[in-house]
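The values are calculated or read from the model by the stated rules, or taken from the named source; none is laboratory data. This is a predicted model, so every value here is computed, not measured. Methodologically, a virtual Cβ is constructed for each residue, glycine included, from the backbone with ideal geometry; neighbour enumeration extends over all protein chains shown. All accessible areas refer to the heavy atoms of the entire protein, side chains included, with ligands and DNA or RNA removed. Shrake-Rupley method; radii C 1.70, N 1.55, O 1.52, S 1.80 Å.
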Amino acid sequence: MNPPSTVAPAALGYVQYGSGPVHVLVLHDWLGDRANYDAVIPHLDGSAFTYVFADLRGYGSSLHLPGSYTVQEIAADCLELADRLGWQRFYVVGHSMTGLATQRIAADAPDRVAGAVAVCAISAAGNKLDPESYAFFRSVATDDEAFRRLVGFVSPGLPADLVEAKLRRHRKSTAPKSRIPYLDMFVHADFADEVTGLPTRYLIVCGGQEKGLSEEMMRRTFMAQHPNARLHVIADAGHYPMQEQPRRFAELIQAFFRE
């Protein structure tokens, strides 16, 4: 296992909900910032948990932060944020591209991560794409119609008005220079050997309507990599269960934290 990253961390922006004794750091996907979780917040128990929804470099309240946009950088920034908050031990939630960030953090600081939730997530093995698919994903960074097609594919039940809201938010709250580097991060990730066998408790969540990061892929990646992982499928959700089924999503993750 490699030593913790030596990347110089930056002070990520975030919003906090709750003041409970159990600490939870929540990370977003490639196509959205911390606002992806807004629908979940009313269903969270702020007396039992303290939730911090962070924006990675190049997103939302961290839009101004330059970076190399690597998984090592994300892990270093998240550990710096935990230090700033005074959190010695915490849970981490990662969605899609930040699924692999949960693994990097757990590998770099195993004594600090009480458990992790990976939601429709890309693992440390990366999401390898053929040249045509990679070209399409690159186009999503600037082509609005390609953005709509991708979201419609991974979450076919997402209402059109919510897709449009996601598109507007993305174009406004993500730094254009960060979009392709983050894409390359999760496409070319390759540190599965470092995390396979980690004893960190994992809850793996996927949507039954998800056509990309499906249940079958979760079984081949996270479930094979982590001996203390279990899988839960939200049948009537796609890639965004926190927006499609926010109450159920909140109940599911909080039951995991309470164990």
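Please find, among VAL163, VAL119, the residue that is more than 20 Å from GLY67 (Cβ to Cβ), free of Cβ contacts under 8 Å to residues at least 60 places away in the same chain and touching a helix residue (DSSP H, G or I) at 6+ places or on another chain (Cβ under 9 Å).
None of the other options fit; the residue is VAL163.
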In segment 197-233, what residues are among the hydroxyl-bearing types (Ser, Thr, Tyr) and closer than 20 Å to ARG112 by Cβ? THR200, TYR202
When you look at GLY58, is it on the phi > 0 side of the Ramachandran plot and open to solvent by less than 10 Å² (accessible area, probe 1.4 Å), yes or no? yes
Mind listing just one residue for me: the one in segment 61-76 that is under 18 Å from the mean Cα position of the chain (by Cα) and over 25 Å from ALA125 (Cα atoms) and, of those, surrounded by the most Cβ atoms within 10 Å (Cβ to Cβ)? SER62
Checklist (1) in contact with a His (Cβ under 7 Å, 6 or more places away or on another chain); (2) open to solvent by 10 Å² or more (accessible area, probe 1.4 Å); (3) not acidic (Asp, Glu) applied to LEU44, failing item: (1)
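Would you check which residues across segment 20-34 are open to solvent by 20 Å² or more (accessible area, probe 1.4 Å) and either closer than 17 Å to THR102 by Cβ or touching a Lys or Arg at 6+ places or on another chain (Cβ under 8 Å) (or both) and list them?
The answer is VAL22, HIS23, ARG34.
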Would you confirm whether any residue within segment 182-203 is within 17 Å of ALA237 (Cα to Cα) and among the hydrophobic types (A, V, I, L, M, F, W, C)? yes
Are any residues in segment 240-258 in contact (Cβ under 8 Å) with a residue 24 or more places away in the chain, open to solvent by 10 Å² or more (accessible area, probe 1.4 Å) and farther than 13 Å from VAL93 by Cα, and if so, which ones? GLN243, GLU244, PRO246, ARG247, GLU251, ARG258
Where residues in segment 139-170 are charged (D, E, K, R) and under 19 Å from the mean Cα position of the chain (by Cα), which of them is surrounded by the fewest Cβ atoms within 10 Å (Cβ to Cβ)? ARG169
Does segment 216-224 contain any residue that is in contact with an Asp or Glu (Cβ under 7 Å, 6 or more places away or on another chain), surrounded by fewer than 20 Cβ atoms within 10 Å (Cβ to Cβ) and modelled with pLDDT of 95 or more? no
Take the residues of segment 88-103 that are open to solvent by 10 Å² or more (accessible area, probe 1.4 Å) and over 19 Å from LEU252 (Cα atoms): which is nearest to the chain's Cα centre (by Cα)? ARG89
Where the second residue is open to solvent by 40 Å² or more (accessible area, probe 1.4 Å) and aliphatic (A, V, I, L, M) and the first is within 14 Å of GLY126 (Cα to Cα) and at pLDDT 95 or above and lies in segment 173-188, which pairs have Cβ atoms under 7 Å and are six or more apart or on separate chains? VAL187/LEU129
Those residues of segment 171-215 which are open to solvent by 20 Å² or more (accessible area, probe 1.4 Å) and polar (S, T, N, Q), in sequence order: THR196, GLN209, SER214
